[in-house]
1. Which whole DSSP H helices in the chain pass both tests: a Cα extent of 27 Å or more along the axis and a mean Kyte-Doolittle value no lower than -1.0?
2. Counting only heavy atoms of protein chains, what accessible area per residue, in Å², does region 23-160 have with a probe of 1.4 Å?
3. Quickly work out the LEU256-to-SER106 label distance, labels modelled 7 Å from Cα along the C-beta direction, and quote it in nm with one decimal.
4. Once you put a point 7 Å from the Cα of ASP331 and another 7 Å from the Cα of ARG234, both along the Cβ direction, what distance in nm separates them?
5. Within region 237-354, what whole-number % of the accessible surface is contributed by carbon and sulfur, with the 1.4 Å probe and all protein chains included in the calculation?
6. Under the rule a/c < 1.5 gives rounded, and otherwise a/b versus b/c splits prolate from oblate, where does region 8-155 land using the Cα gyration tensor?
7. State whether the chain is rounded, prolate or oblate according to the following rule on the C-alpha gyration tensor (a ≥ b ≥ c being the square roots of its eigenvalues): a/c under 1.5 gives rounded; otherwise a/b larger than b/c gives prolate, and the remaining case gives oblate.
8. At 0.36 nm per residue, and after removing the present C-alpha to C-alpha distance, how many nm does the segment from GLU202 to ALA155 gain when stretched out fully?
Amino acid sequence: MPATPTATPTAMPVRRLGAAGPEVSALGLGCMGMSALYGEADRSESLATLHAALDAGITLLDTGDFYGMGHNELLIAEALRTAPPAAREKALTSVKFGALRAPDGSWLGYDGRPAAVKNFLAHSLQRLGTDHIDIYRLSRVDPDVPIEETVGAIAEAVQAGHVRHIGLSEAGPETIRRAAAVAPIADLQIEYSLISRGIEEEILPLCRELGIGITAYGVLSRGLLSGHWSADRRLAPGDFRAAVPRFDGEHLNRNLALVEELRTVAAGHGLSVAQTAIAWVLAQGEDIVPLIGARRRDRLSEALGALDARLGADGLAAVERAVPAGAASGDRYPAHQMAHLDSERRRPTAPEES
């Protein structure tokens, strides 16, 4: 395996999130794993990683108010409070809300009612220690509340100065159109990687038509495309990947075989597997900002090396031959969570839905 570059780029490239959105670093930092769902995290290392990301020029910090039931927002607030003023002033927060959880951590559904929007927002502002959130989005579409009402409530928060931009998360085409008719939408946050390419058929073209950017999470498929995963890896207690089909049994073996094909291509370009997977997403358009979910400084440093990758047309073609569209084995979430993804709904051709 080639050595992992450790030097960060001399200047962080920037991209704009859609026609109405902010200018952000070309890579964002997804902070979920520092607080929840991947097992216990090291608080000191998480703070050090956040500071390293800011030092490297990353300005977009993505979180959810339900990541550790507020823990992640408090962690980000501490990191920003103790960061150099110049880095703190450039940082932008992207917050997802709406997920309902019980004291035992179980999931109870989603709430997109206007009153709930204001309530969630008030708590996030307090935890983050700020007077505004840069991008605010419903984490999953609430099937019981018209998206117009939810987006309308966020638009009111924009008018009041508590939110700067409106985002969407895992929304399907119809929902995207309806939301964009209410207020300008900066970006859609959705899973997009070499083995999760479902947005390419309809959602990505629609977002481009409407001037909506993409913040792509899961670019390393929760570590599966990192090049560091092995079939005999034991997951820590509380790591939700134990329930994700792509990490199970024969699904995992088939997916790791794809990773080995990708490793060969990566080695030919002097890159790691993770850098190649991130570079591929970066190359799919200037309107796409990959979120890297690094919890440690070494993983962050490796991911930043993707910014210096020069795959070219031939290299990108080789990547796609190694991991063809649709080659992934298993769904990206367990069945009960897939049911909550508006982006995955298959709409019938008849006038009325069944």
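1. 249-268
2. With all protein chains present, region 23-160 gives 40 Å² per residue.
3. With each label placed 7 Å out from Cα toward Cβ, I get 3.3 nm.
4. 2.9 nm
5. Result for region 237-354: 50 percent of the exposed heavy-atom area is carbon or sulfur.
6. Numbers: a/c = 2.04, a/b = 1.36, b/c = 1.50.
The shape class here is oblate.
7. Values: a/c = 1.42, a/b = 1.20, b/c = 1.18.
Rounded is the answer for the chain, as its axis ratio a/c remains below 1.5.
8. Details: separation 47, 0.36 × 47 = 16.92 nm, distance 2.59 nm.
So the chain would gain 14.3 nm between GLU202 and ALA155.
The values are calculated or read from the model by the stated rules, or taken from the named source; none is laboratory data. None of the values given here were measured: they were computed from a predicted structure. Because the Cβ atoms are built from the backbone with ideal geometry, glycine has one as well, and the counts that use them run over all protein chains shown. Only protein heavy atoms, including side chains, enter the accessible area calculation; ligands, DNA and RNA are left aside. Shrake-Rupley method; radii C 1.70, N 1.55, O 1.52, S 1.80 Å.
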